[in-house]
1. Might you let me know whether the stretch 70-78 holds any residue that is over 27 Å from ILE110 (Cβ atoms) and exposed (fewer than 12 other Cβ atoms within 10 Å of the Cβ)?
2. Identify, please: which residue in the stretch 95-116 is over 11 Å from ASN75 (Cβ atoms) and among the β-branched types (Val, Ile, Thr) and is, among those, farthest from the chain's Cα centre (by Cα)?
3. For residues in the stretch 68-85 being in contact with a strand residue (DSSP E or B) (Cβ under 6 Å, 6 or more places away or on another chain) and of a type in the set (Val, Ile, Thr), which is farthest from ILE33 (Cα to Cα)?
4. Taking the stretch 30-44, which residues are under 15 Å from LYS62 (Cβ atoms) and buried (at least 19 other Cβ atoms within 10 Å of the Cβ)?
5. Of the residues that make up the stretch 60-67, is at least one modelled with pLDDT under 95, more than 19 Å from VAL34 (Cβ to Cβ) and surrounded by fewer than 17 Cβ atoms within 10 Å (Cβ to Cβ)?
6. Which of the residues that make up the stretch 5-64 are acidic (Asp, Glu) and closer than 18 Å to ILE86 by Cβ?
7. Say we look at the stretch 6-25 and pick out the residues that are out of contact with any Phe, Trp or Tyr (no Cβ under 6 Å at 6 or more places or on another chain) and touching a residue at least 40 places away in the same chain (Cβ under 8 Å); which of these is surrounded by the most Cβ atoms within 10 Å (Cβ to Cβ)?
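The values are calculated or read from the model by the stated rules, or taken from the named source; none is laboratory data. Only a predicted model underlies this, so the values are computations on that prediction, with no experimental measurement involved. Cβ: placed from backbone, ideal geometry, glycine included. Neighbour counts: every protein chain shown.
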Amino acid sequence: MNSSFSFSDNTVGFFIEDGVFDTERFDKLCVEIVDKIDRFGKINLYLEDQGIDRFTLPAVSKEILFKIEYKEHLNKVALVTDRKWIHACATIENFFLPVKIKSFNTDERIDAMSWITSH
């Protein structure tokens with residue numbers, strides 16, 4: 001399940017909860033993100049892993065391709081998780097995308113929220 005919230009008109013957040021994060025879940029998440037992009041042009045995105053059981057490789061691949069496709073519409077992306085491989089992916093993506101991507105551990109949630117909402 002995904003829960004969404006907004007910090008402001010152009011900053012949206014999602015808590016991605018338990019279960020398997022597969023392409024079906026990712027597609028549902030994309031619908032909400034693209035809706036915000038359609039409404040505001042360029043957005044900030046906050047994504048927090050709240051106990052996902054596992055990620056499928058096709059879903060992770062689609063997530064990376066989504067950021068490439070929508071790179072002109074994403075200003076900042078905050079990733080909140082304790083998974084080291086996601087932190088590593090964010091570091092690598094920063095070299096290739098004009099989007100500011102920063103990862104935070106779950107105990108740094110407040111720092112992530114502060115960063116995503118700052119100018």
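1. Yes, the stretch 70-78 contains a residue that is over 27 Å from ILE110 (Cβ atoms) and exposed (fewer than 12 other Cβ atoms within 10 Å of the Cβ).
2. Here is the first cut: in the stretch 95-116, the ones over 11 Å from ASN75 (Cβ atoms) are 95-97, 102-115.
Right, trim to among the β-branched types (Val, Ile, Thr) and you get 106, 110.
On the way: THR106: 14, ILE110: 16 Å.
Taking the candidates together, the pick is ILE110.
3. So the residue we want is THR81.
4. If the condition is that a residue be under 15 Å from LYS62 (Cβ atoms) and buried (at least 19 other Cβ atoms within 10 Å of the Cβ), then ILE33 is the only one that fits.
5. No, every residue in the stretch 60-67 fails to be modelled with pLDDT under 95, more than 19 Å from VAL34 (Cβ to Cβ) and surrounded by fewer than 17 Cβ atoms within 10 Å (Cβ to Cβ).
6. Residues satisfying the conditions are GLU17, ASP18, ASP22, GLU48, ASP49, ASP53, GLU63.
7. Within the stretch 6-25, the match that is surrounded by the most Cβ atoms within 10 Å (Cβ to Cβ) is THR11.
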